[in-house]
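Everything on this sheet refers to the single structure shown next.
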Amino acid sequence: MNKIFEVPLYAYERSPDQDAPVPVRHKVIVVGAGPIGLGAAIDLAQQGVEVVVLDDNDKVSFGSRAICFAKRPLEILDRLGCGQPMVDKGVEWDVGKVFFDDRQVYEFNLLPEEGHRRPAFINLQQYYFEEYLVNRVRELQAEGAPIEIRGRNKVEAIGTHPDHVKLEVETPEGSYTVEADWLIACDGAGSPIRAMLGKDFVGRVFEDNFLIADVIMEADFPTERWFWFDPPFNKGQSALLHKQPDGVWRIDLQLGWDIDKEREKRPENVIPRLKAMLGQDVKFDLEWVSIYTFQCRRMEQFRHDRVIFAGDSAHQVSPFGARGANSGLQDTDNLCWKLKLVLDGKAPEALLDSYDIERIHGADENILNSTRSTDFITPKSEMSRTLRDAVLDLSEHYEFARPLVNSGRLSVPCTYDGSPLNSADALDGPARTRPGSPCPDAPLKDEFLLPKLGGKFTLLTIDADAPDVIEEDGVEVTRLALSVKDDPTLELKRRYLGDNDSAVYLIRPDQHVAARRPSFDENMFRHAIRRATGKE
């Protein structure tokens, strides 16, 4: 068993808040020290925002849980100072293979183009991810950043007020009261904060269950995602195999709906299923076993006055497609720069309404794709199954059928089409970099594009003139001047210029495009800055 499960990484320590004569007010409190809560706290602390993280635990999560981390979240983690250890430890993969019965029907590559710093996906156990995030918190604390984690601090009650949130917190030494200007709830799918506010999910629960097993073994399977429909070892169901670091393999086996979950998790029932899949002579040890039910649901609103929900506390999707932690990191990436502007008085509170708009759009997109995947993987009628099996048969020999196969459409970043923060598109350029889009990476002579953008408002000029700095109503935008000559591969031109000779982009701190046009127009870009900060 991996000892990291047993080591308190943020052990309980008595806080001065517990002895204060009146409740202490903090700028931001984050509830939940999982990947999403820690990611939000790090993002805020790096911007100089005082933040306290409360968690009723004091160590990393038990079991690998979330394991697939996509390129876009890795790019976000680069800005949080955690991307490199993730990639160093993780297992990189681009290729997936789909099997039907006992034969492979086709394979796919998730990153067929060159010129990206990060891979399409890595596989890494969630406990390592959480450890790297806690390490980053310690680094920030050593640098004097205003961030704190309080382990074994369990929120027992919440009171909301027009200008703050009040929390009753239970600790090993009794309870205390603390306040926050803003509360970010990252306390998971069973969110106690959500329950305390009387809020719930809307959506769909699917009638199926899947067994997850983390297995330690030496195996010569390639570093790929393998998915089976109706395999010989799990007839009438499906299965998934992923490689993780340390000789750990993730196996998902579909079980059906009418099962005894506790019985199915017992080793004497799990091991025969795994032997049927891996072979009777394969030696392995079980590290972790769980059972999950597909759920595609979300809150109707993510922001409730001074309480803002992110990650699984706000929305749930089925695991196939790796949309849980990946979408949660995109939640906080969207939220934290906006909250910083509001706290600094450089944007109205109404800017936070765009968090609701944009991330509900993202959640709905994920739920749609996850629902479609689930319907394909677990057909609900004999006619649906017959159609699915015909598609799988055709995909072995015919290219046209392969896009119809859905073994879990894998996570891609959301484009915020229709966002109130977007300016009208004034460049007849590549669709992938239209307003609302996340900036794709591109190779330059000395490094890659995204690290140069960083986490601030940027005016990206490509073979175009513009001022080095624009300040609009307290918001500073700095110029990044590039030329297609900076990229001998011409990927910068293909991704940002298309057939144009020049372009100017307004890039948000979360590296989404806010506006673009062929050349710099000061009046237009000042309006775009105001729009992107919720002032127009």
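Here is a yes/no grid of residues against (1) more than 30 Å from residue 510 (Cα to Cα); (2) in contact with a His (Cβ under 9 Å, 6 or more places away or on another chain); (3) of a type in the set (S, T, N, Q); (4) at pLDDT below 90:
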site	(1), (2), (3), (4)
381	yes, no, yes, yes
385	yes, no, no, no
400	yes, no, no, no
423	no, yes, yes, no
446	no, no, no, yes
449	no, no, no, no
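Return the residue satisfying two criteria in turn: it lies in region 219-240 and is within 26 Å of the chain's Cα centre (by Cα) and outside any strand (DSSP E or B), and of such residues it is farthest from residue 103 (Cα to Cα). Working first, answer last.
So the first thing to find is which residues in region 219-240 are within 26 Å of the chain's Cα centre (by Cα), and the list is 222-228, 238-240.
Pick out the ones that are also outside any strand (DSSP E or B) and you get 222-224.
Details: 222: 16, 223: 18, 224: 16 Å.
Among residues in region 219-240 that are within 26 Å of the chain's Cα centre (by Cα) and outside any strand (DSSP E or B), the one farthest from residue 103 (Cα to Cα) is 223.
Residue 376: assigned to a helix (DSSP H, G or I), crowded, with 21+ Cβ neighbours inside 10 Å and not basic (Lys, Arg), yes or no?
On the way: assigned to a helix (DSSP H, G or I): yes; crowded, with 21+ Cβ neighbours inside 10 Å: yes; not basic (Lys, Arg): yes.
Yes; evaluated as a whole, the condition is true for this residue.
Need a quick list: strands (runs of 3 or more DSSP E) entirely within region 12-90 having at least 1 residues that are over 16 Å from the mean Cα position of the chain (by Cα).
Details: elements: 24-31, 51-55, 68-70.
Of the strands (runs of 3 or more DSSP E) lying wholly inside region 12-90, those with at least 1 residues that are over 16 Å from the mean Cα position of the chain (by Cα) span 24-31, 51-55.
Screening residue 248 on (1) over 27 Å from residue 69 (Cβ atoms); (2) touching a residue at least 40 places away in the same chain (Cβ under 8 Å) shows it passes everything except condition (1). Within region 450-478, the residues that satisfy the criterion of being surrounded by fewer than 17 Cβ atoms within 10 Å (Cβ to Cβ), without any contact (Cβ under 8 Å) to a residue 60 or more places away in the chain and more than 21 Å from residue 46 (Cα to Cα) are 465, 467, 468, 469, 471. Scanning region 516-536 for residues that are touching an Asp or Glu at 6+ places or on another chain (Cβ under 8 Å) and surrounded by 22 or more Cβ atoms within 10 Å (Cβ to Cβ), we see that the one that is farthest from residue 449 (Cα to Cα) is 533.
Scanning region 328-379 for residues that are within 14 Å of residue 299 (Cα to Cα) and either in contact with a Leu (Cβ under 6 Å, 6 or more places away or on another chain) or among the aromatic types (Phe, Trp, Tyr) (or both) yields one hit, 355.
When residue 193 is tested against (1) under 30 Å from residue 378 (Cα atoms); (2) of a type in the set (A, V, I, L, M); (3) surrounded by 13 or more Cβ atoms within 10 Å (Cβ to Cβ), just one condition goes unmet, and that condition is (1).
Considering only residues that are on the phi > 0 side of the Ramachandran plot and outside the structural domain of residue 17 (by TED's automatic domain parsing), which ones fall in region 107-161?
If we filter region 107-161 for residues that are on the phi > 0 side of the Ramachandran plot, which is where we start, we get 115, 144, 152.
Within region 107-161, 115 is the sole residue that qualifies.
Of all residues in region 410-436, exactly one satisfies the criterion of being crowded, with 20+ Cβ neighbours inside 10 Å and in a helix (DSSP H, G or I), namely 433.
Scanning region 36-88 for residues that are free of Cβ contacts under 8 Å to residues at least 60 places away in the same chain and of a type in the set (Asp, Glu) yields one hit, 88. Considering each residue of region 297-320 in turn, at least one proves to be modelled with pLDDT of 90 or more, closer than 25 Å to residue 110 by Cβ, touching a helix residue (DSSP H, G or I) at 6+ places or on another chain (Cβ under 7 Å) and assigned to a strand (DSSP E or B). Among the residues in region 347-364, are any modelled with pLDDT under 95 and surrounded by 22 or more Cβ atoms within 10 Å (Cβ to Cβ)? Yes, region 347-364 contains a residue that is modelled with pLDDT under 95 and surrounded by 22 or more Cβ atoms within 10 Å (Cβ to Cβ).
Looking at (1) touching a helix residue (DSSP H, G or I) at 6+ places or on another chain (Cβ under 6 Å); (2) modelled with pLDDT under 90, find the lone condition where residue 332 falls short. Going through the list (1) touching a helix residue (DSSP H, G or I) at 6+ places or on another chain (Cβ under 6 Å); (2) modelled with pLDDT under 90, residue 332 breaks only (2). When 185, 180, 239, 219 are screened for being out of contact with any helix residue (DSSP H, G or I) (no Cβ under 6 Å at 6 or more places or on another chain), touching a residue at least 60 places away in the same chain (Cβ under 8 Å) and crowded, with 16+ Cβ neighbours inside 10 Å, only 180 passes.
The values are calculated or read from the model by the stated rules, or taken from the named source; none is laboratory data. Only a predicted model underlies this, so the values are computations on that prediction, with no experimental measurement involved. With ideal geometry, Cβ positions are generated from the backbone for all residues, glycine too; neighbour counts draw on all protein chains shown.
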